[in-house]
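In what follows, a single structure is set out as C-alpha cells and then discussed.
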Amino acid sequence: MSAAKQALVIGGGIAGMSAAIVLRESGMKVHLIDRDPEWKVYGAGITITGPTLRVMKRLGILDRVLAEGYTSDGLLVCDAQGNTVAEIETRGEALNGVPGAGGIMRPVLHSILSERLRLLAPRVSLGTSVASLIPGHPTQVTFTDGSTGTYDLVVGADGIFSATRAMMFPDTPEPHYVGQVCWRLMTSRHPAIERRTYFLGGPSKVGINPVSPDQMYMFLLEPVQRFERRPEGDQYRHLDALMAPYGGVVADLRAELNAGSRIVARPLETIFLRAPWYRQGCVLIGDAAHATTPQLASGAGMAMEDGVVLGECVAGEDNIEAALARFMQRRYPRCALVVEKSLTLGRLEKAVTSPIEQVRVVEQALAQLNQPY
C-alpha cells in the first residue's frame, strides 16, 4: 500500500516531471507547480548517457527521444589537434539494449516529458511557487497566490538554487563555483561528428555532441578563477580566442563564428547535500539535492532516476518516512559518485593532465553507472 495519497511536486523541470510521472502511475494524486507561467525551458543541447536512455525507457519516453534526438555508441577522445587518442566503450548488458550515448535539445526533452506527464492528468499550476511550508504529516503549504494545501508528500525539485531546500534546511551552504565556465555553441552538425567527441590536452576541455541528425553543440570548459558575464556582442570574440589552440573540427567551427552565433556561457556550480535529503514528509531531488558539474553528462539522468526511485519507494511502503529512508539508501551513493567523479575530472582538466588519466576516470565511472539504479 502506498505511503501517500496526495503529493505536491515543486518544480516542473526534468526531476519534477519524472517524479510526477511515476507517482501518478502508482495512483497518487499529484499537484505539480512551476513558477514560470509559460512552463518553458531555456538552454542548448544536453548530452545523454546510456543509463539516462535506460531511465527514459522506464518513463515511457525513449521512443520519442530516439526519434527526435541523436544516439550512438562509444565516445571518441582526441588531442587538441583532432588526432584520436582513445575510444571509450559505452555499451553494457545492464543497459538492456539501449544505445550507450546520445544527445538532445533541452527544449525538445522538456516537451517530450511534459506531454508524457499531461497524459496522466496531474493537477498543474503555473506561475506560482511556495510562500511557506510546515513539514509534517501532512505538510501544510501556502502558495504565492494565497491558496493553501495539505500533502502527504512534498517533493522539492526546484533546481540548484532551490527555495524548498532553504525552507527545509536553512543552514545549508549555498552552491559554490568550481573554477570553470562552460561555453556552449549550437551549430549545424559537422559531417565528421558522428558521436560524442572530446578534445583533451589543450588549455580547456572541448567536447562536441550531436543532438539531432542535423544539429550539434560544442562545449568548452574555460578555467577561470571568477566568472564575469560578457556582453552578448563580445561573446563570440572571447570564444574565438579560447578555440584558437585547437585544430580539426574545432578549428572549422571557429572559422564560422560570428556575432550571430548561438552561444551560452554559464559558470559551473555544484552542491551536494549531506544526508538525509528529507524531513517529515518533504524530500529534495535532482539539482536541489545534488547539482553536479557536466563532466559525466549525468545530471539529467540522476534527476530522472531520482524521480523513478522516489515513486517506486513511496508506492512500496505504507509509511512515508520509511519510504524516504529507502529512497536515500538507493540514491545517495550513486549521486555521490557522479558529483565526486565530475569534480575530480574538473580538477584534472584545470591541471591539463594526461588525456589518458582523464579517460580512465570516465571509463570507471561509466562502468559503475551502467549498473542498475
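The values are calculated or read from the model by the stated rules, or taken from the named source; none is laboratory data. Predicted model only: the values in this text are computed from it and were never measured. Counting neighbours? That spans all protein chains shown, and the Cβs are built from the backbone with ideal geometry, glycine included.
Quick notes on this one:
- Condition broken by Ala67, with the remaining ones in (1) in contact with a helix residue (DSSP H, G or I) (Cβ under 6 Å, 6 or more places away or on another chain); (2) in a helix (DSSP H, G or I) satisfied: (1)
- Flag if Met186 is in contact with a helix residue (DSSP H, G or I) (Cβ under 8 Å, 6 or more places away or on another chain) and closer than 24 Å to Gly102 by Cα: no
- Residue that is farthest from Pro355 (Cα to Cα) [pool: residues in the stretch 200-217 that are touching a helix residue (DSSP H, G or I) at 6+ places or on another chain (Cβ under 6 Å) and of a type in the set (A, V, I, L, M, F, W, C)]: Val206
- Close contacts from the stretch 316-335, counting a first residue that is in contact (Cβ under 8 Å) with a residue 40 or more places away in the chain and a second that is assigned to a helix (DSSP H, G or I) and of a type in the set (Gly, Ala, Ser), with Cβ to Cβ under 6 Å and a gap of 6+ residues or different chains, come to Glu317/Ala323.
- Top-ranked residue of the stretch 70-87 - restricted to ones that are outside any strand (DSSP E or B) and among the charged types (D, E, K, R), ranked as nearest to the chain's Cα centre (by Cα): Asp73
- Among the conditions (1) within 21 Å of the chain's Cα centre (by Cα); (2) hydrophobic (A, V, I, L, M, F, W, C); (3) more than 16 Å from Leu117 (Cβ to Cβ), Ala4 misses just one, which is (1).
- Candidates Leu53, Leu8, Leu23, Leu32: the one that is of a type in the set (A, V, I, L, M, F, W, C), in a helix (DSSP H, G or I) and more than 24 Å from Pro210 (Cβ to Cβ) is Leu23.
- Every condition in (1) free of Cβ contacts under 8 Å to residues at least 60 places away in the same chain; (2) touching a strand residue (DSSP E or B) at 6+ places or on another chain (Cβ under 9 Å); (3) farther than 21 Å from Val339 by Cα is met by Arg195 except one, and the failing one is (1).
- For Leu348: the one exception among (1) touching a residue at least 24 places away in the same chain (Cβ under 8 Å); (2) buried (at least 16 other Cβ atoms within 10 Å of the Cβ): (1)
- Failed item, numbered, when Val181 is tested on (1) over 20 Å from Ala323 (Cβ atoms); (2) modelled with pLDDT under 95: (2)
- Residue match in the stretch 26-41 (condition: over 20 Å from Leu284 (Cα atoms), touching a strand residue (DSSP E or B) at 6+ places or on another chain (Cβ under 6 Å), of a type outside the set (Ser, Thr, Tyr) and surrounded by fewer than 18 Cβ atoms within 10 Å (Cβ to Cβ)): yes
- Any hit, the stretch 331-353, residues being under 17 Å from the mean Cα position of the chain (by Cα), among the hydrophobic types (A, V, I, L, M, F, W, C) and not in a helix (DSSP H, G or I): no
- Qualifying position, being farther than 30 Å from Gly201 by Cβ, out of contact with any Asp or Glu (no Cβ under 8 Å at 6 or more places or on another chain), touching a residue at least 12 places away in the same chain (Cβ under 8 Å) and surrounded by fewer than 21 Cβ atoms within 10 Å (Cβ to Cβ), among Thr144, Thr128, Thr148: Thr144
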